[in-house]
1. Of the residues 191, 130, 197, which single one is in contact with a helix residue (DSSP H, G or I) (Cβ under 7 Å, 6 or more places away or on another chain) and either within 13 Å of ligand 2 (Cβ to nearest atom) or within 23 Å of residue 236 (Cβ to Cβ) (or both)?
2. Select from region 90-108 the residues that are more than 16 Å from ligand 2 (Cβ to nearest atom) and either surrounded by 22 or more Cβ atoms within 10 Å (Cβ to Cβ) or not charged (D, E, K, R) (or both) and list them in ascending order.
3. Does region 245-280 hold any residues that are within 16 Å of ligand 1 (Cβ to nearest atom) and free of Cβ contacts under 8 Å to residues at least 12 places away in the same chain, and which are they?
4. Give the number of residues within region 186-227 that are farther than 22 Å from residue 88 by Cα and not acidic (Asp, Glu).
5. What residue, of 162, 217, 193, 183, is away from ligand 1 (no atom under 16 Å from the Cβ), touching a residue at least 60 places away in the same chain (Cβ under 8 Å) and out of contact with any Lys or Arg (no Cβ under 8 Å at 6 or more places or on another chain)?
6. Are any of the residues in region 344-360 at pLDDT 85 or above, more than 24 Å from the chain's Cα centre (by Cα) and loosely packed, with under 12 Cβ neighbours inside 10 Å?
7. For region 137-151, which residues satisfy the criterion of being near ligand 1 (Cβ under 10 Å from one of its atoms) and closer than 16 Å to residue 164 by Cβ?
8. Among helices (runs of 4 or more DSSP H) lying entirely in region 1-97, which contain 1 or more residues that are at pLDDT below 75 and either closer than 30 Å to residue 209 by Cβ or not hydrophobic (A, V, I, L, M, F, W, C) (or both)?
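The values are calculated or read from the model by the stated rules, or taken from the named source; none is laboratory data. Nothing here was measured: the structure is a model prediction, and the numbers come from that model. Heads up, the Cβs are rebuilt from the backbone with ideal geometry, glycines too, and the neighbour counts pull from every protein chain shown.
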Amino acid sequence: LSERLSQAMKNITGQGKLTEKNMNDMLKEVRMSLLEADVNYGVVKDFVARVKEKALGQEVMESLNPSQMVVKIVRDELQELLGSSDTELTLNPDGLTTVMMAGLQGTGKTTASGKIARYAKQKLKKKVLLVAADVVRPAAIDQLQTLGQQVGVDVFTLGPDVTAVETARQGLDYARENGHDLVIFDTAGRLHVDQALMDELRQMEELIHPDNILLTVDAMTGQDIVNVAKSFDDQLDITGLVVTKMDGDARGGGLLSVRSITSVPVVFVSGGEKMEDLEQFHPDRMADRILGMGDVVSLIEQAQDRLDMEVGRQSADRMMNGIFTFNDMLAQFGQLEKMGSMQGILKMIPGLNKMAAQVNDEAMNSVMKRNRAIIQSMTPFERENPSCLKASRKQRIAKGSGVKVQDVNKLIQQLNQMQQMTKLMSGGSNMNAMMNAMS
Ligand code: GDP
Ligand code: MG
């Protein structure tokens, strides 16, 4: 999925100019790659329709970089599909937080119990208790005990002869008596969703009133995730999903469909059998990963949010005509300030992040402030016609902005350098522009 999508995105950004044709090509490619990844047909249809609708909005068509905007729209919609924000474990502020696991056999409940125990212990600094409430298979108790030992948390079990519900009840008491503040109940699963399984889980739900009921679903089962999640959510109050076996050759379709169809958020994804193979799920990062774009997207986003496009385009036009005056310089300062720290910008550009350390934002800002004051002390005529700046004008400007005449001279020098550059850029042959700039 990722490869095909990111290729489609690269194709369209490479084209610079957005046309109806290359946008349709791109959308077709997006549609195909989602279907190929086994994303639910209805979800794909809605997705493509939404992207198209947004992309055809006037905003996008008139902007500086239309194709980049389309990439951003695809990316935003992808994130929306995966969930608009992160979902965390719900922690009980009064002390004991409870987590009940649910899921079909073999989807990774017991493994996930161990992983979440480790996560809660290390990241949330909780005193964790694992409760072995899967008494269907004796081996499940041993498995949980081994995992508990591995991650260094207590495991509560009454053996295979006591019912799951009774084990859960006593496990909860044990946690209260022994100062645990997060309890995870591992439960039994069956090969198919059936009433006996649901009844047991519902009994347990009524008894524990869990803060979290996490459903494990196997990424390898593709769209089937959606059906399983639906049937569990009908009977239990599922608070979140743990999508397991993301390390297999899953095509991602289940992950992409499940949120919009069931509205149950993904909380964790697991990509391996080891206890550390568990990640909190971040829809935005997953969207970026699927598109293979990294931080470049957030850079586009920031630039868009903060730059005044119109100003940018006007001064670009002027520069192409070899014009660069104090007004253009002032506009540039404004743009730079809106972008925020220069260091921050450099860090996000692949290949330039090493330069970030060499930039001193504070020094740059104070120079910029002083230069801005100088320009603001000029009359409109002076700003557009820098060559008129002789001694008496310079003295007045220096006084007005509280700097030395040398500082004014320095800034005029800078402007001259910029003017030379813009003239080179415009080919130096544009007499009109030169006349305008010099008169
Ligand atoms: P349960 O029946 O739901 O408790 O499932 P288990 O936790 O016993 O897991 C079933 C099998 O899947 C075990 O062999 C696990 O090691 C394996 N497993 C669980 N999660 C993952 C995962 O994220 N990736 C891989 N590759 N294997 C996993
Ligand atoms: Mg198990």
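1. It is 130.
2. Correct list: 90, 91, 92, 93, 95, 96, 97, 98.
3. Within region 245-280, 274, 279 qualify.
4. Within region 186-227, residues that are farther than 22 Å from residue 88 by Cα and not acidic (Asp, Glu) number 20.
5. 183
6. No, every residue in region 344-360 fails to be at pLDDT 85 or above, more than 24 Å from the chain's Cα centre (by Cα) and loosely packed, with under 12 Cβ neighbours inside 10 Å.
7. 137, 139, 140, 143, 144
8. 2-14, 20-36, 58-61, 66-82
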